[in-house]
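Reading through the structure tokens given below for one structure.
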Amino acid sequence: MDDVAPSTTRRGLLATVGVGASALAGCSERLWSQAETTGPEQVSLTIKTVPADDDRLAATIASRLRENYTAAGIDATHEPVSKAELYRDILLEGEYDVFVTRHSGFDEYDALYGLLHSQFVSERGWQNPFHVSDVTIDEYLETQREADETDRSSVLADLIGHLLQTTPYTVVAYPYTVSGVTEPLQLPIPPRCPREYIEVMSHPENGPRDGPLEVGVFGEGLTEELNPLTVDRNRIDGLLDLVYDPLVRQIGDEYVPWLAEDVEWPEEGQRRARITLREGLEWHDGESLDTDDVEFTLAFLEDTSMGSVDGGVPAPRYRGRQTLLDRTAVIDDRTIDLYVFEASQTAARRLLTIPLLPAHIWTERSEAVADRQTEAITVANEDPVGSGLFAVSEATTATEFELESFDAHVLRGTADRPELLEGFSQFEGITFRIAPNPGAMGGLLIDGEIDVTASELPPETAREIRNATATRTVTGTTDAFYMIGYNSRQDELGNPNFRRLCSRLIDREHAVSEFFEGFAQPATTPNALVGLHDWDFDDELETSPDTDPLAFPGTDGEPNTSRVQSLFADIGYRYEDELLLE
Amino acid sequence: MALVEVLLELVFVVATMLVTATLVIVGPRNVAAALQDFRWRLEACLLPVAALAVVLLIRWSTGDIVQRLERRVLRNNITPYLFELDQALFGTNPVAVLQSFQTELLTSFFVFVYIYGYAFLLIFPFIAYFALEEMDELSTLVVAFTANYAIGLLCYTLFIAFGPRNVDPLLFEGLLYDAFPQSRTLTNTINQNTNVFPSLHTSLSMTVFFLAWVTREKYPLWLPVAGFLAISVSLSTMYLGIHWFSDVVAGTALALVSVYIGVNYTIEGLVAASRRFFQTQLERHNADRE
């Protein structure tokens, strides 16, 4: 036995503890209180955003935000995460406190439904990534869906007012889109989405040309994965919308029948839409496209496991729109009835803009591969089969990506086609040239190797392009915005007052003039601050006491520390040595 | 093709530097003599070169797997720590301080050193040590490089770290890619922006410098040249906003470890040792059975 020594020690230790404990017990209540209470800690927040390589402006906003949080006494950390992984962290796993990212903008007011409704609190993707569950928000979201035009504006106004009070997220600015273009090419608007690509490709002065439109983009892993259902990827904007067609395409404020020849809302109350497909629709692989594919797509988005997993595995995309659907009824190959839940036609038609998936390919992808994951939402989908105007060519390399014209597309042949397609197409397909960074992309344009750039140009590269002889830049506006999102499940961020104050800690006008060099519009009006760029209703939004409800407490981008401290004190926080305490 | 142009220019400039340095430091006679009996020289360092080739091949062929493992499974993002460590050490950020001295001339110098100077620094010792009487130094160099890459690869898998230019565009500027965006075409094919800890630019350059010290009696002129270039390369990685001070310190430490391994171990020795180990294991196993 050689454990004599330890046992002595143990006995000694016990004795000491015993003496100590009895001593403590006899001690004053004050010592006990001190021992029992852990002191308040400094509020700490981690801001996640993409590295400057992916988006210089998002990284800049995040660094400014970090400085302002620090000035407010918050222990702020700035963590750069590659774009694909950032989406994974915020949209799939909810592992973040605060994020800064570019959002591609809302297609309609009803887009807020998917973004904020508590029914999506445990879903993945852009479905409630902030984890808010607020009955008031839910009620407004449901009411605006059902309301007619006149009632809708007042419900939306109430919703916006409530969102400014609770700020699950906030918008910083609406950047202009800027594209570089080589001299002879006519570019009506910087190309980001199908409509804009179609416009440049059908412009009468741009052709006809024996060859593709050469488009420059930059980024990492842009073409590695082409699954239209996944969100955690870096992608070329609009690429998959060129490959996958919807029943109805939204062109600006118009809803243009696309694969659908006709959309009929036959009944009063408009609970049902009768869709008639165009004749002779085909998938890129030659299979025919019929109403079974429509029925399949809408059901598949709700449950990509097709019933094999309990509770289902909803797709991380298009869910906000898909939830408008009650049920479908196939009448024949070309006719299908879509029954919607209580919703006005204005809101319900969003359902028709979901891109269609071929049933013969995606049915097999319903197998569960991991927890809450099916093959459908993990597969790379390297050879996408859609029904769009363009098909993905096999001749694709790491630096070049080809879209070839899909000649069997009905809208390429028929005379009865949307006005937009007049003169389409002067080019044979589209080739994307992938550069490693904006500077190299600008270089390709200046060297005449590409016709136009489609990734966002930072101000300095835009300047170089303007200064070169045979190139210029074209500026346009979109609904896209830079936003700051908060995870409502994280300590302090569960407090709406705290979030609202945090949302004031960025000087939006200063950011636009300094970081965007004026190539953006700051979000200052109530609708703009929640991501609704346009306000199409006649009645004005009620303005809060001060005109800018999320006004910056400071000047020229610098927060006024004592003012910020008193604002935090007003909502019940305390400071110690300039540190904000929990 | 932009990459081809960038590569051609690199080859031309570095070749010029190599020829000049070879003539001055090694001397034409030594090179000619070495080339005449190149056969035994190659044979003498075949094993370490094979080891280096294996490590480089693993690094090249497992790029996708390593990236996925690093970013999606292990997910150790240490960028905020590097930022704060730098800040804590100096009170202010050393990269920002270096960049505050920015002039056009200095930027051109550091861009040149980072790309051309670095390539030259890495290749020249191969020529110099090849021209020596013995191949020990060359073997040491190759083993040290192998260790650098192997340990570096391990760190790159374990840690996600973005460089200053990627984190905070307000504090740091990405001078290299602003001044020379095409160079990203080159570096992108070799490395990713999440791999900055440790700085392999620093570690390989410092390895060359430390070995130049070891061989200072044979090439006295090479020591100051290697020293100047190695320190310039290390500074350039920070000045250009690519690496943190911590990456450079870690890179220097990695260089010391690698040189230690290179000087004290040979691939032959390692092979023999592992063979002995397995033999004794086998014998013991056999003995147990009997």
Within region A:48-59, residues more than 8 Å from chain B (Cβ to nearest Cβ), outside any loop (DSSP other than H, G, I, E, B) and either more than 19 Å from A:Tyr169 (Cβ to Cβ) or in contact with a Ser or Thr (Cβ under 7 Å, 6 or more places away or on another chain) (or both) come out as A:Thr49, A:Ala58
Exactly one of B:Phe162, B:Phe180 is within 14 Å of chain A (Cβ to nearest Cβ), modelled with pLDDT of 90 or more and more than 14 Å from the chain's Cα centre (by Cα), and that residue is B:Phe162
Note on region B:1-21: residues touching a residue at least 40 places away in the same chain (Cβ under 8 Å) and more than 21 Å from the chain's Cα centre (by Cα) are B:Ala2, B:Leu3, B:Glu5
| said: Taking the criterion of being surrounded by fewer than 21 Cβ atoms within 10 Å (Cβ to Cβ), in the same structural domain as A:Tyr69 (by TED's automatic domain parsing) and β-branched (Val, Ile, Thr), would at least one residue in region A:484-507 satisfy it? | reply: no
Is it the case that region A:222-244 has a residue that's open to solvent by less than 50 Å² (accessible area, probe 1.4 Å), under 26 Å from A:Gly518 (Cα atoms), assigned by TED's automatic domain parsing to the domain that holds A:Tyr87 and not in a helix (DSSP H, G or I)?
no
Of A:Ile74, A:Ile61, A:Ile90, the only residue that is over 21 Å from the mean Cα position of the chain (by Cα) and not polar (S, T, N, Q) is A:Ile74
Checked A:Asn467, A:Asn437 against criteria (polar (S, T, N, Q) and open to solvent by 30 Å² or more (accessible area, probe 1.4 Å)); the one match is A:Asn467
Only one of A:Glu404, A:Glu428 is assigned to a loop (DSSP other than H, G, I, E, B), open to solvent by 60 Å² or more (accessible area, probe 1.4 Å) and in contact with a strand residue (DSSP E or B) (Cβ under 7 Å, 6 or more places away or on another chain), namely A:Glu428
Within region A:268-283, the residues that are open to solvent by 40 Å² or more (accessible area, probe 1.4 Å) and in a loop (DSSP other than H, G, I, E, B) are A:Glu268, A:Gly269, A:Gln270, A:Arg271, A:Glu279, A:Gly280
Quick count over region B:230-239, residues being touching a residue at least 60 places away in the same chain (Cβ under 8 Å), crowded, with 21+ Cβ neighbours inside 10 Å and either part of a loop (DSSP other than H, G, I, E, B) or under 17 Å from the mean Cα position of the chain (by Cα) (or both), is 5
Restricting region A:321-347 to residues that are assigned to a helix (DSSP H, G or I) and touching a Lys or Arg at 6+ places or on another chain (Cβ under 8 Å), the one farthest from A:Ala376 (Cα to Cα) turns out to be A:Thr346
Filter result for B:Arg59 (over 17 Å from B:Leu132 (Cα atoms), open to solvent by 30 Å² or more (accessible area, probe 1.4 Å), away from chain A (no Cβ under 14 Å) and basic (Lys, Arg))
yes
The strands (runs of 3 or more DSSP E) lying entirely within region A:436-554 that contain at least 1 residues which are closer than 28 Å to A:His131 by Cα and more than 14 Å from every other protein chain (Cβ to nearest Cβ) are A:481-486, A:520-522
Selection status of B:Leu154, away from chain A (no Cβ under 11 Å), open to solvent by 30 Å² or more (accessible area, probe 1.4 Å) and under 23 Å from B:Arg72 (Cβ atoms):
yes
Wholly inside region A:60-175, helices (runs of 4 or more DSSP H) that include 3 or more residues that are within 14 Å of another protein chain (Cβ to nearest Cβ) are A:83-87
Checked B:Leu211, B:Leu175 against criteria (more than 11 Å from every other protein chain (Cβ to nearest Cβ) and touching a Pro at 6+ places or on another chain (Cβ under 7 Å)); the one match is B:Leu211
The residue that is nearest to B:Phe162 (Cα to Cα), considering only those in region B:74-95 that are among the β-branched types (Val, Ile, Thr) and within 11 Å of chain A (Cβ to nearest Cβ), is B:Thr79
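The values are calculated or read from the model by the stated rules, or taken from the named source; none is laboratory data. As the structure is a prediction and not an experimental result, all values here were calculated from the model. Here Cβ is always computed from backbone atoms with ideal geometry, including for glycine, and neighbour counts include all displayed protein chains. In case anyone asks, the SASA skips ligands and DNA or RNA and just uses the protein heavy atoms, side chains included. Shrake-Rupley method; radii C 1.70, N 1.55, O 1.52, S 1.80 Å.
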